[in-house]
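*Asks:* One structure coming up, written as structure tokens, with questions to follow.
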Amino acid sequence: MRVQFLFLCLYFSTLTAQTPSAYETKTQKMQAFKGYFNFFWDEKEGKIWLEIDKIDKEFLYVHSLPAGVGSNDIGLDRGQIGGQRVVKFMKSGAKILLVQPNYAYRALSPNADERQAVEQAFAQSVLWGFTVGEESKDKYLVDATAFLLTDVHGVSERLRQSQQGTYSLDASRSAIFMPRTKSFPKNTEFEATLTFTGKPEGEYIRSVTPTASAVTVREHHSFVELPDGNYKPRKADPRSGFIDIQFYDYATPISEPIEKRFILRHRLQKQDPTAALSDPVKPIVYYMDRGAPEPIKSALMEGAAWWNQAYEAAGYRNAFIVKELPEDADPMDVRYNLIQWVHRSTRGWSYGNAVTDPRTGEIIKGHVSLGSLRVRQDYLIAQGLLSPFETGKPADPRMQAMALARLRQLAAHEVGHTIGLQHNFAASVNNLSSVMDYPHPFVGITDLSRDNREGSGELDFSKTYDTKIGDWDKRMILYGYQDFPKEKDENQGLSDIIKENLKQGFLFISDQDARPEGGGHPHAHLWDNGKSAVDELIRLSKVRDLGLKKFGENSIPMGQPMAMLEQVLVPLYLSHRYQTEGAVKLIGGVNYSYAMRGDGQVTNTPVSPKEQNAALQAVLATIQPTFLEIPENIIKLIPPQPVDYERHRELFPTKTQLFFDPLTAAEVAAGNTIRLLLNDARLTRISEQHARFPNEQMDLLTYLHKIRTSIRVHSQLFPPLSIMQREIAFSTEKLFFNRLLQLAADKKGNTQVNAEVLYFLDRYFFDWEALKSNGDGKVGRVVKAGARLYINKTKLQDDKRNAHNNYLQTQLRYFTENPNEFKAPAPPIVPPGQPIGCYSED
């Protein structure tokens with residue numbers, strides 16, 4: 001009996017072992033993918049079954065857009081990294097929840113009760129709920145298809161925000177995209193083809209889709225293993241130049257700030273921390289997109305590799321390496337830091353992003369996106385300056401050389417963001433100390449004298465862009481990546497680095513302080529060059545003048561439509577625009593720094609009256625008719641666009657239907673400068689500085705009078721003008737006048753600025769000097785009747801001038817009678833300029 005019993009037990013045991021479980025039965029007919037998370041593909045049903053074997057274990061969830069829309073204006077690019085969240089699966093009965101803990105509020109304490117108190121005080125987010133299909137030994141099988149087919153990247157919302165239409169996800173036209181759905185040891189990747197349907201309302205979406213009512217993209221979901229606990233976060237310092245993460249630590253003693261900041265950086269350690277120069281335990285390796293063509297690919301790889309210079313200066317040997325992406329590698333694999341070549345229908349920003357650990361700031365994967373059309377803009381800038389296509393001669397090689405030089409700098413810049421660095425827009429003042437600035441191509445003039453007044457007239461392209469990593473960049477890498485020996489106090493070491501930065505005179509000013517709209521820092525500008533923004537504007541204006549003198553048929557290749565000359569002319573004619581932005585910021589400008597108590601840096605000092613006045617004079621020179629006039633020999637070369645060649649936004653706007661419109665081109669340039677001069681924040685700062693220093697700084701009415709005197713057609717300061725130049729002057733004054741009307745009606749502005757602008761407008765026609773007739777020193781008799789001014793026509797016989805004055809008077813009357821309904825005409829749209837080099841985000 002005993003033997004029989006044992007035999008029966010063995011029999012049933014064998015029978016049981018041979019009988020597959022429900023879990024195995026469910027999965028055995030599906031394609032299995034093994035990795036960080038295992039999953040199964042049911043091709044018949046088109047479903048993904050996810051195996052969840054990590055309950056209550058945190059991981060990183062990242063969404064991205066591997067196949068985008070292709071419009072810079074919409075902003076849904078190929079390879080775009082989206083939100084990053086620390087998440088975990090939590091099980092309750094037959095349901096598994098995907099939960100996002102709230103890491104914005106923490107308690108960095110060994111006390112579990114203290115940590116729990118903070119966790120319970122702030123809301124968490126449940127991102128999805130799954131129903132368990134089958135389970136086996138702490139493994140749970142769930143249908144993840146619906147989750148993977150959601151618009152997690154927010155494509156429909158972005159289309160709505162960009163006014164392209166109201167679109168919704170169409171489930172019948174969406175499916176899992178298996179070629180990019182796979183699992184690796186440290187990350188599991190899912191991708192879905194999603195189609196959004198709706199009524200197209202914008203031109204951007206129509207221009208990039210074959211059928212604009214159906215927009216199909218691909219969205220990607222990444223489940224990434226979080227790094228181990230051996231990484232040590234590094235504290236942030238606003239003077240260091242690093243991007244940081246912020247959170248609130250409720251375990252902080254009440255004597256210390258509760259907000260904490262850690263910098264973003266890759267994990268990098270020396271094999272020998274005591275050595276002055278050591279190999280790293282593991283180098284940082286970046287991989288170049290195989291889809292980039294030559295010679296672009298080599299230029300990008302060369303520029304990205306510049307960062308090894310900075311790491312070497314910080315004591316690392318061979319710490320930063322750039323390679324081509326292996327042929328069998330997947331760019332979504334988190335093990336590969338990627339430099340991606342991105343195509344769009346129009347030129348646009350490049351940017352550097354990163355997958356990071358939100359808990360510590362550790363960078364897990366750097367991801368660079370480089371817009372492919374940007375290099376053509378640099379080529380176009382050089383083309384306009386050189387006019388390089390002489391008949392019977394090869395194209396001037398300096399065009400391609402300049403474009404490739406920019407790509408090297410661009411690659412270094414965007415990689416810089418992915419290793420943790422912010423912009424430094426004050427680097428141009430410090431002898432090009434950082435690739436994290438936005439550089440304008442520096443085109444020299446041979447034998448130019450010190451006062452910028454003489455030169456041989458030859459343009460020098462030998463130093464258009466820098467060819468190395470900057471000194472400030474090396475200091476940043478030292479702060480972020482210096483591997484301190486155990487006996488060295490890290491906080492003291494970091495403090496010493498900052499002190500040395502200040503001692504060496506480095507300036508660091510980033511994004512918000514450098515923007516032209518209302519920005520007022522005298523040294524931080526976008527797309528500028530030189531120690532002095534004013535001197536460089538004067539010098540660059542001479543470069544522009546030389547380019548315009550050479551401009552002609554040789555500015556385009558043989559066989560191109562002559563109408564293409566206009567596209568080459570645009571960046572040349574507007575080449576002063578960014579240096580103008582830099583110079584105008586000195587007006588009402590304030591010198592300051594990201595100072596910390598005790599470091600001795602400047603905190604809040606107005607730019608000197610002398611510098612402000614010099615900046616005003618340099619900027620006003622860019623709206624003189626002689627500066628704005630396009631030479632007749634250029635105008636007569638440019639016909640309307642050929643049939644099927646549409647006028648597009650890279651050309652000047654026109655009010656002459658099909659024809660090139662030189663007057664509107666001048667209005668574009670003048671309007672851009674006047675917008676900068678009459679920025680509401682700038683006017684408020686001028687008033688504030690005069691209130692503080694009434695005997696030194698100019699008041700607002702004086703400032704407005706100086707601008708009006710400079711542009712007024714009838715001012716004695718004007719030299720004799722041609723008819724074309726008078727037309728440009730009339731147009732410029734109208735732009736000035738209409739902008740004043742906008743400021744007077746601005747209910748959000750400073751009320752005293754409103755009052756003084758209104759007063760200035762009311763007195764506009766009472767300045768007798770401004771109403772000089774044709775040089776005879778006599779003035780017309782001005783009579784005011786209500787809000788309308790009448791000019792004695794017997795003394796002012798210029799009908800064009802009277803028509804112009806009548807327009808201004810009528811505008812003022814309409815405004816006075818209906819201030820709430822009046823809308824001043826908007827200036828013509830400026831053709832896109834930024835990026836002339838690299839976004840920002842970045």
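The values are calculated or read from the model by the stated rules, or taken from the named source; none is laboratory data. Note that the coordinates shown come from a computational prediction; the quantities given were computed from them, not determined experimentally. Cβ sites come from the backbone with ideal geometry, for glycine too, and all protein chains shown count toward neighbours. Ligands, DNA and RNA are excluded from the accessible area calculation, which covers all protein heavy atoms including side chains. Shrake-Rupley method; radii C 1.70, N 1.55, O 1.52, S 1.80 Å.
*Asks:* Within segment 607-700, list the chymotrypsin sites (Phe, Trp or Tyr not before Pro) lying in a DSSP loop whose Cβ has at most 14 other Cβ atoms in a 10 Å radius.
*Replies:* Tyr645, Phe659
*Asks:* Between Lys655 and Asp170, what is the label-point separation in nm under the 7 Å Cα-to-beta-carbon projection?
*Replies:* With each label point 7 Å from Cα toward Cβ, the separation is 4.4 nm.
*Asks:* Pairs of alpha-carbon atoms within less than 8 angstrom and 6+ residues apart define the contacts here; what relative contact order does the chain have, in percent?
*Replies:* 9
*Asks:* What per residue convex hull volume, in Å³, do the alpha-carbon atoms of segment 119-213 yield?
*Replies:* 181
*Asks:* A further question on this structure: Counting Lys and Arg as +1 and Asp and Glu as -1, each charge on the Cβ, what is the dipole of the chain about the Cα centre in debye, to the nearest 20?
*Replies:* 1180
*Asks:* Spelling out what I want: for every residue of segment 812-817, take phi, set θ = phi - 60°, compute 6.51 cos²θ - 1.76 cosθ + 1.60 (Karplus), and round to whole Hz; glycine and proline get x.
*Replies:* 5, 5, 4, 5, 5, 7
*Asks:* Starting with the highest mean, order 730-742, 32-44 by the number of other Cβ atoms within 10 Å, averaged over the residues of each peptide.
*Replies:* 730-742, 32-44
*Asks:* Not counting ligands, DNA or RNA, and with a 1.4 Å probe, what is Ser462's accessible surface area in Å² rounded to the nearest 10?
*Replies:* Accessible area, nearest 10 Å²: 90 Å².
*Asks:* How many Å² of accessible area per residue for segment 224-317, probe 1.4 Å?
*Replies:* Averaged over the residues of segment 224-317, the accessible area is 48 Å².
*Asks:* Okay, moving on. How much length would be gained if the chain were fully extended between Asp799 and Ser722, taking 0.36 nm per residue of separation minus their Cα-Cα distance, in nm to one decimal?
*Replies:* Separation in residues times 0.36 nm, less the Cα-Cα distance, equals 26.2 nm.
*Asks:* If you roll a 1.4 Å probe over the chain with all protein chains in place, what percent of the accessible area is carbon or sulfur?
*Replies:* 51
*Asks:* When the Cα centres of segment 64-123 and segment 598-663 are compared, how far apart do they sit, in Å?
*Replies:* 46
*Asks:* Accessible area per residue for segment 500-568 in Å², computed with a 1.4 Å probe and the full protein assembly in place, what is it?
*Replies:* 40
*Asks:* Using only Cα atoms, what Kirkwood radius does segment 255-395 have, in angstroms?
*Replies:* 18.0
*Asks:* Given the options Ala382, Ala319, Thr360, identify the residue whose Cα lies farthest towards the positive end of the charge dipole of segment 307-395 (+1 on Cβ of Lys, Arg; -1 on Cβ of Asp, Glu).
*Replies:* Positive-end residue among those listed: Ala382.
*Asks:* Is segment 222-317 best put as rounded, prolate or oblate by its Cα gyration tensor, with a ≥ b ≥ c the root eigenvalues, rounded for a/c under 1.5, and otherwise prolate when a/b is larger than b/c, oblate when not?
*Replies:* In terms of gyration-tensor shape, prolate.
*Asks:* Taking Cα pairs under 8 Å and at least six residues apart, what relative contact order does segment 530-592 come out at, in percent?
*Replies:* The normalised contact order for segment 530-592 reaches 46 percent.
*Asks:* Multiply the residue gap between Glu490 and Arg290 by 0.36 nm, knock off their C-alpha separation, and tell me the result in nm, one decimal place.
*Replies:* 68.0 nm
*Asks:* Same structure again: Share of Cα-Cα pairs in segment 649-769 beyond 24 Å, in percent?
*Replies:* Considering segment 649-769, 36 percent of its Cα-Cα pairs are separated by more than 24 Å.
*Asks:* Quick one: what does P(r) look like for segment 610-691 with 10 Å bins over all Cα pairs, in whole %?
*Replies:* Histogram of Cα-Cα distances, whole percents per bin: 15, 36, 24, 16, 8, 1.
*Asks:* Here's something else I'd like to know. From the protein chains alone at 1.4 Å, what is the descending order of accessible area for Arg539, Arg398, largest first?
*Replies:* Arg398, Arg539
*Asks:* Name the residues whose placed amide hydrogens come within less than 5 Å of the amide hydrogen of Glu134, ignoring near sequence neighbours (fewer than 5 apart) on the same chain.
*Replies:* Here Leu141 satisfy the definition.
*Asks:* Would you be so kind as to identify which of Phe247, Val152, Val584 lies farthest towards the positive end of the dipole of the chain, taking Lys and Arg as +1 and Asp and Glu as -1 on Cβ and the Cα centre as origin?
*Replies:* The one lying farthest along the dipole's positive direction is Val584.
*Asks:* What is the diffusion coefficient of segment 377-431 in µm²/s, taking the Kirkwood radius over Cα pairs and the Stokes-Einstein relation at 37 °C with a viscosity of 0.692 mPa s?
*Replies:* 245
*Asks:* Can you bin every Cα-Cα distance in segment 312-351 into 5 Å intervals starting at zero and give me the percent of pairs per bin, rounded to whole numbers?
*Replies:* That works out to 5, 15, 19, 16, 17, 17, 7, 3, 1, in percent per bin.
*Asks:* Moving on to the next point. HN-Hα J couplings of segment 208-218 from phi, Karplus 6.51/-1.76/1.60, θ = phi - 60°, integer Hz, Gly and Pro as x?
*Replies:* Residue by residue, segment 208-218 yields 10, 10, x, 9, 5, 7, 9, 10, 10, 10, 10 Hz.
*Asks:* Right, next: What FRET efficiency, computed as 1/(1 + (r/R0)^6) with R0 = 30 Å and r the Cβ-Cβ distance, is obtained for Asp330 and Lys57, rounded to the nearest 0.05?
*Replies:* After rounding to 0.05, the efficiency reads 0.80.
*Asks:* Follow-up question, since we're still on this one. Please give the charge dipole size of segment 420-550, origin at the Cα centre, charges +1 on K and R Cβ atoms and -1 on D and E Cβ atoms. Round to the nearest 20 debye.
*Replies:* Dipole of segment 420-550, to the nearest 20 debye: 320 debye.
*Asks:* Put a dot 7 Å past each Cα toward the Cβ at Thr702 and Lys137; how far apart are the dots in nm?
*Replies:* It works out to 8.7 nm between the two label points.
*Asks:* Per 5 Å bin from zero, what fraction in whole % of the C-alpha pairs of segment 465-569 is there, up to the bin with the longest pair?
*Replies:* 2, 9, 12, 12, 13, 12, 10, 9, 7, 5, 4, 3, 2, 1, 0
*Asks:* Still on this structure: Under the rule of -39500 (n - 2.57) per DSSP H run of 4 or more residues, summed and divided by the residues of the chain, what mean residue ellipticity at 222 nm is obtained, to the nearest 500 deg cm²/dmol?
*Replies:* Only helices count here, giving -10000 deg cm²/dmol.
*Asks:* While we're here: For the chain, place one equal point scatterer on every Cα, skip the solvent, and apply the Debye formula. What is log10 of I(q)/I(0) at q = 0.05, 0.07, 0.11 Å⁻¹?
*Replies:* -0.36, -0.67, -1.39
*Asks:* Here is a follow-up. Does segment 28-132 come out rounded, prolate or oblate by the C-alpha gyration tensor, with a ≥ b ≥ c the root eigenvalues, rounded set by a/c under 1.5 and, if not, prolate when a/b is larger than b/c and oblate if not?
*Replies:* oblate
*Asks:* Follow-up question, since we're still on this one. How much area per residue is accessible in segment 369-451 when the probe is 1.4 Å and only protein heavy atoms are counted (Å²)?
*Replies:* Heavy-atom SASA per residue in segment 369-451 reads 32 Å².
*Asks:* Using the basic label-point model (7 angstrom from Cα toward the beta carbon), what is the Ser207 to Asn818 distance in nanometres?
*Replies:* 3.4
*Asks:* A 29 angstrom limit on the alpha carbon distance is what I want to check against. Which of Lys34/Lys365; Lys235/Lys270; Lys503/Lys531; Lys260/Lys748; Lys468/Lys550; Lys550/Lys585 exceed it?
*Replies:* Cα-Cα > 29 Å for Lys260/Lys748; Lys468/Lys550; Lys550/Lys585; rest within.
*Asks:* A further question follows. Using the Karplus curve 6.51 cos²θ - 1.76 cosθ + 1.60 with θ = phi - 60°, work out ³J(HN,Hα) for each residue of segment 679-687 in order, rounded to whole Hz, and write x for Gly and Pro.
*Replies:* 5, 4, 5, 5, 5, 5, 5, 4, 5
*Asks:* Does segment 171-229 classify as rounded, prolate or oblate by the C-alpha gyration tensor (a ≥ b ≥ c root eigenvalues; a/c under 1.5 gives rounded; else a/b over b/c gives prolate, otherwise oblate)?
*Replies:* Prolate.
*Asks:* Sticking with this structure for a sec: If packing is taken as the average count of other Cβ atoms within 10 Å, what order do 71-79, 604-612 fall into, highest mean first?
*Replies:* Ranked from most to least packed, the peptides come out as 71-79, 604-612.
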